[in-house]
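Chemist: Before anything else, here's the structure in question.
The values are calculated or read from the model by the stated rules, or taken from the named source; none is laboratory data. In this text the structure is predicted, and so the values were computed from the model without any measurement. Neighbour counts run over all protein chains shown; Cβ positions are idealised from the backbone, glycine included. In case anyone asks, the SASA skips ligands and DNA or RNA and just uses the protein heavy atoms, side chains included. Shrake-Rupley method; radii C 1.70, N 1.55, O 1.52, S 1.80 Å.
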Amino acid sequence: MAFKPALVIVDLQEDFCPPNGSLAVEGGRDIVPTINELLSLPFPIKVATKDFHPQDHISFASNHPPPNNKPFESTTVITNPLNPEEKEETRLWPDHCVQGTKGSELLPELDVSKVHQIVEKGQDKRVEMYSAFMDPFPTCVSRSGLSKILKDAGVTDVFVVGLAADYCVKFTALDAKKEGFTTWVIAEATKAVDPSSLSDIYEEYATKGIAVIGKDDRTIRKVKEYS
Ligand code: VGL
Ligand code: ZN
């Protein structure tokens, strides 16, 4: 059986981490040593993604009128600009990962010298895009190019880590599976905005054939032998 594994590090950026992140995930920085350990393994493809929004992005509460513009609480309904029949309710956030700001930078302690490619996402102000592959609309508005990178390289297996476990990691893993990759989420290399949501998410992974593993899982040992 062919086995060509890719490591996809999702949104390990300042704005998603203490102490200064506008949308800081508790313990977000604590996963870096584990991710650096994974980066030292011979994955033939290692990608880091960046949430990379324009200042007028639709997911920012600040871009909506009161009273329904409370970050973390309010939601908005996004209509697909390419197909008005497609609508999606989505949460509003504090401004985060604005292109060109400190908050959009990858964590400096991440060993980026071992990353082969950086993929930016969320640049289209009209749509929310948690997945590192594409926006959620059936009529797709925005694709990051990640799927093509992985497919052109002949990748069979995608290992997902990073932030946040219940948003961008989740939708990246779901799309990796949809795109036909055998998909693994390395649980201890993720942190959630709302950890209480994880049991439901892991159940969804199970029904969709996505495996949640530890960093010393036998499949990771197989990556160590990859050449
Ligand atoms: C994310 C909320 C908003 C994430 C991105 O990377 O999980 N969460 N934008
Ligand atoms: Zn975002």
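Chemist: For the chain, set up a Gaussian network in which alpha carbons nearer than 10 Å are linked by springs, and say which option among ASP51, ASP111, ASP11 fluctuates the most.
Modeler: For the chain, modelled as a Gaussian network with Cα springs under 10 Å, the answer is ASP111.
Chemist: In the chain, what percent of the accessible surface is made up of carbon and sulfur (1.4 Å probe, ligands and nucleic acids excluded)? Write out the running numbers ahead of the final one.
Modeler: Values: 5200 of 10250 Å².
Its accessible area is 51 percent carbon and sulfur atoms.
Chemist: Same structure again: For every other residue with a beta carbon closer than 12 angstrom to the beta carbon of LYS114, add +1 if it is Lys or Arg and -1 if Asp or Glu, then tell me the sum.
Modeler: On the way: positive: LYS46; negative: GLU37, ASP111.
Result for the local shell: -1.
Chemist: I want the antiparallel fraction of DSSP beta bridges within the range 1-137, as a percent rounded to 5. Mind showing how you got there, number by number?
Modeler: Values: 6 of 17 bridges.
Counting only bridges with both partners in the range 1-137, antiparallel ones make up about 35 percent.
Chemist: What accessible area per residue, rounded to a whole number of Å², is obtained for the chain using a probe radius of 1.4 Å? Each step should come with its number before you reach the end.
Modeler: Values: 10250 Å² over 227 residues.
Spelled out: the 1.4 Å probe surface of the chain, per residue, equals 45 Å².
Chemist: Give, as a single signed number, the net charge of other residues whose beta carbon lies under 14 Å from the beta carbon of PRO138, with Lys and Arg counted +1 and Asp and Glu -1. Could the numbers behind the result be given before it?
Modeler: Values: positive: LYS87, ARG143, LYS178; negative: GLU85, GLU86, GLU88, ASP135, ASP175.
Net charge in that neighbourhood comes out at -2.
Chemist: Using a basic spin-label model with each label point 7 Å from the Cα along Cα→Cβ, how many nm lie between GLU26 and THR219?
Modeler: Taking the simple label geometry, GLU26 and THR219 are separated by 2.8 nm.
Chemist: Probe radius 1.4 Å, ligands and nucleic acids left out: which of CYS140, CYS168 has the largest accessible area, and how do the rest follow?
Modeler: Details: CYS140 45, CYS168 10 Å².
Ranked from most to least accessible, the order is CYS140, CYS168.
Chemist: Under the rule a/c < 1.5 gives rounded, and otherwise a/b versus b/c splits prolate from oblate, where does the range 141-227 land using the Cα gyration tensor?
Modeler: Details: a/c = 1.81, a/b = 1.15, b/c = 1.57.
Verdict is oblate for the range 141-227.
Chemist: Another question about this same structure. Give me the distance between the Cα centres of the range 194-227 and the range 15-78, rounded to whole Å.
Modeler: So the two Cα centres are separated by 21 Å.
Chemist: Report the accessible area of SER196, computed with a 1.4 Å probe over the heavy atoms of all protein chains in place, in Å² rounded to the nearest 10.
Modeler: 90 Å²
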